[in-house]
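Notes for the one structure printed next.
The values are calculated or read from the model by the stated rules, or taken from the named source; none is laboratory data. Predicted model only: the values in this text are computed from it and were never measured. In this analysis, Cβ positions are derived from the backbone assuming ideal geometry, glycine residues included, and neighbour counts consider all displayed protein chains.
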Amino acid sequence: MLEVTGLHVAYGGIQAVRSITFHVNEGETVALIGANGAGKTSTLKAISRVLDAVGGDVHFCGEDITRIAPHHIIRKGIALVPEGRGVFPRLTVLENLHMGAYIHNAAVDVEKDLKMVYGYFPRLKEREGQLAGTLSGGEQQMLAIGRALMSRPKMLLLDEPSMGLAPIMVQKIFEVVRAVAADGMTILLIEQNARLALQSSQRGYVMESGEITLNGESAMLLDDPKVRAAYLGE
Amino acid sequence: MDIFLQQIINGLVQGSIYALVALGYTMVYGIMGLINFAHGEVVMIGTLVTITVAGSLIKAGMPVAVAGLAGLMAAVLVCMALGWALERVAYRPLRNAPRLTPLITAIGMSIVLQNLAMMIWGRNYMTFPSLLPKMDFEFAGANFTLIQIIIVLVSAATMGGLLLLVYRTKLGMAMRATAQNPAVASLMGVNINRVIAAAFVIGSALGAVAGVMVGTYYEIAHYQMGFMLGLKAFTAAVLGGIGNLAGAMLGGILLGIIEALGAGYIGDLTGGFLGSHYQDIFAFVVLIVVLMFKPSGLFGEKTGDRA
Ligand SMILES: Nc1ncnc2c1ncn2[C@@H]1O[C@H](COP(=O)(O)OP(=O)(O)OP(=O)(O)O)[C@@H](O)[C@H]1O
Ligand SMILES: [Mg+2]
């Protein structure tokens, strides 16, 4: 479904991503793990067209999307939950969710999607009228995921949903991520919490200094001695 | 006491004009952090277009009301097109340039527009056609005219319309989202270029309405009139907290009232040394005081709602 070939990202002279190749099949959850500064966020930014790739190409559902306008990415069916959540702080929770549905016009369907999101995150319903900037970090993460779902995406790109959250909240968020996946969503999951990411995915890629150094079934990576030493703290 | 009430009324009228112009500054600033110093010139062109269109229609024998409305419509359309073109031609290519670059460009555009207006309309003062009947009213010893009432009402209605647009429509929501986080708004499918262009176009339409009001009020116009008006409206926007819609409205009205009271009392205050023609200094005293003591303005806290 998503095919990334030879993707290269640089900030001026800094090579953040050096020619990486990977793919995500329909219905799969794939983890992309790696240490700080490995180039995970840069990869997602290039796929979602927040950044221009220096080289390589990205195909989605067979279509070349490497150079399309950024605001068309979501219309192709790709929704990004950005690192640090990126909620609109001075819009209400409900307005944030409506921004997620920006590309849809039929109010009836948007109402249905809203019900679906509130089904996954009942807390958001309680906070509907509150400004998003006043939500807790966990609630903002819920909102960012809910907002992405409001676009009815074919694929979700999640950038470190566990970042800065208490373990209980991480559990809650990942329960929903697994539920969304079980309902058929294709997911590319970026995490520093490698154990959690590999436990929640079918396949995984390990990124180091801008390159993919390992890949395979998540269960296999969990048992890999190198992965255990470098990312699972064993 | 009656001079006090009189000056409050005069200030309210002048202030509603400042408020409309200030909204143009604040909308553009809120969405892209740019101070569009050419905005005062957009207002001036609105006034001069009305003179040409309404003036020639009246000469051709059209009823004044029809000519006036046609003049207003023409001014709004021309200014919207001008705002769009300014963004497209002058500012969009500089979107990623250092902040000083678009600012200098804005000053340059202001000079270009003044000269363009001078070439089209000449260097002389022009008379603005009388579009509204002259009627006077009295209240508690203060006088006011029908024109003043209409200026305040039209300004209030226009601002109400703007608030509805920004807080009740999808475009308005997209504008607020873009002001808060353009990269994420773009991920949601918002075409940032269009939203920024919309801010320019809407701000310019408000400016055109203000331009017609200025002409109707003072009955005189000139290719340089946009400069001082623009500076004062900018002051009003800063006073209210630039980037904040309610701030621009309140800042405009406050500035109008401060100026009118200042002009009313400056003679007494200085023992007759300075006359009311010194009223312009008040706007700049306000600007300096705000920048010194509360540069974020009245509503300019980080939590304020920007659009
Ligand atoms: N805007 C930028 N300008 C310059 N260098 C950048 C920029 N953003 C990222 N980098 C650099 O690119 C490299 C990859 O960064 P990236 O954010 O993609 O890493 P990451 O894997 O997401 O890390 P983390 O787990 O800490 O989020 C880093 O060396 C970083 O310093
Ligand atoms: Mg990152």
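Quick notes
- Segment B:286-307, subset surrounded by fewer than 13 Cβ atoms within 10 Å (Cβ to Cβ) and at pLDDT 55 or above, residue farthest from the other protein chains (Cβ to nearest Cβ): B:288
- Single residue of segment A:204-223 satisfying the filter (within 16 Å of ligand 2 (Cβ to nearest atom) and not in a strand (DSSP E or B)) that is surrounded by the fewest Cβ atoms within 10 Å (Cβ to Cβ): A:209
Residue by residue, here is whether (1) surrounded by fewer than 19 Cβ atoms within 10 Å (Cβ to Cβ); (2) free of Cβ contacts under 8 Å to residues at least 24 places away in the same chain holds:
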residue	(1), (2)
A:122	yes, yes
A:149	no, no
A:160	no, no
A:172	yes, no
A:187	no, no
A:225	yes, yes
A:231	no, no
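- Single condition residue A:87 does not satisfy, out of (1) free of Cβ contacts under 8 Å to residues at least 60 places away in the same chain; (2) in contact with a Leu (Cβ under 8 Å, 6 or more places away or on another chain); (3) farther than 17 Å from residue A:153 by Cα: (1)
- Residue in segment A:165-175 that is within 19 Å of residue B:184 (Cβ to Cβ), within 16 Å of ligand 2 (Cβ to nearest atom) and touching a helix residue (DSSP H, G or I) at 6+ places or on another chain (Cβ under 7 Å) present: no
- Members of segment A:73-98 found to be more than 17 Å from the chain's Cα centre (by Cα) and more than 17 Å from residue A:150 (Cβ to Cβ), listed by number: A:89, A:90
- Qualifying residues in segment A:189-203 (those that are within 16 Å of ligand 1 (Cβ to nearest atom) and part of a loop (DSSP other than H, G, I, E, B)) - the one surrounded by the fewest Cβ atoms within 10 Å (Cβ to Cβ): A:192
- Any hit, segment A:71-85, residues being within 16 Å of ligand 1 (Cβ to nearest atom) and assigned to a strand (DSSP E or B): yes
- Exactly one residue among B:158, B:216, B:169 is hydroxyl-bearing (Ser, Thr, Tyr), without any contact (Cβ under 8 Å) to a residue 60 or more places away in the chain and more than 10 Å from chain A (Cβ to nearest Cβ), and that residue is B:169.
- Taken together, A:156, A:143, A:131 contain a single residue that is among the hydrophobic types (A, V, I, L, M, F, W, C) and either in contact (Cβ under 8 Å) with a residue 60 or more places away in the chain or within 15 Å of ligand 1 (Cβ to nearest atom) (or both), which is A:156.
- Residue in segment A:15-34 that is part of a loop (DSSP other than H, G, I, E, B) and within 16 Å of ligand 2 (Cβ to nearest atom) present: no
- Taking the criterion of being closer than 22 Å to residue A:109 by Cα and among the acidic types (Asp, Glu), the only residue of segment A:148-198 that qualifies is A:183.
- Failed item in (1) more than 10 Å from chain B (Cβ to nearest Cβ); (2) of a type in the set (Val, Ile, Thr); (3) away from ligand 1 (no atom under 16 Å from the Cβ), with residue A:170 passing the rest: (3)
- Residue, nearest to the other protein chains (Cβ to nearest Cβ), within segment A:103-139, restricted to residues that are in a loop (DSSP other than H, G, I, E, B) and farther than 25 Å from residue A:178 by Cα: A:103
- All positions within segment A:40-67 that are within 12 Å of another protein chain (Cβ to nearest Cβ), aliphatic (A, V, I, L, M) and outside any helix (DSSP H, G or I): A:50, A:51
- Residue within segment A:44-54 that is polar (S, T, N, Q), buried (at least 22 other Cβ atoms within 10 Å of the Cβ) and either over 26 Å from residue A:164 (Cα atoms) or under 18 Å from the mean Cα position of the chain (by Cα) (or both) present: yes
- Among residues of segment A:86-102 being out of contact with any Lys or Arg (no Cβ under 7 Å at 6 or more places or on another chain), in a helix (DSSP H, G or I) and at the interface with chain B (Cβ under 8 Å from one of its Cβ atoms), the one that is nearest to residue A:43 (Cα to Cα) is A:98.
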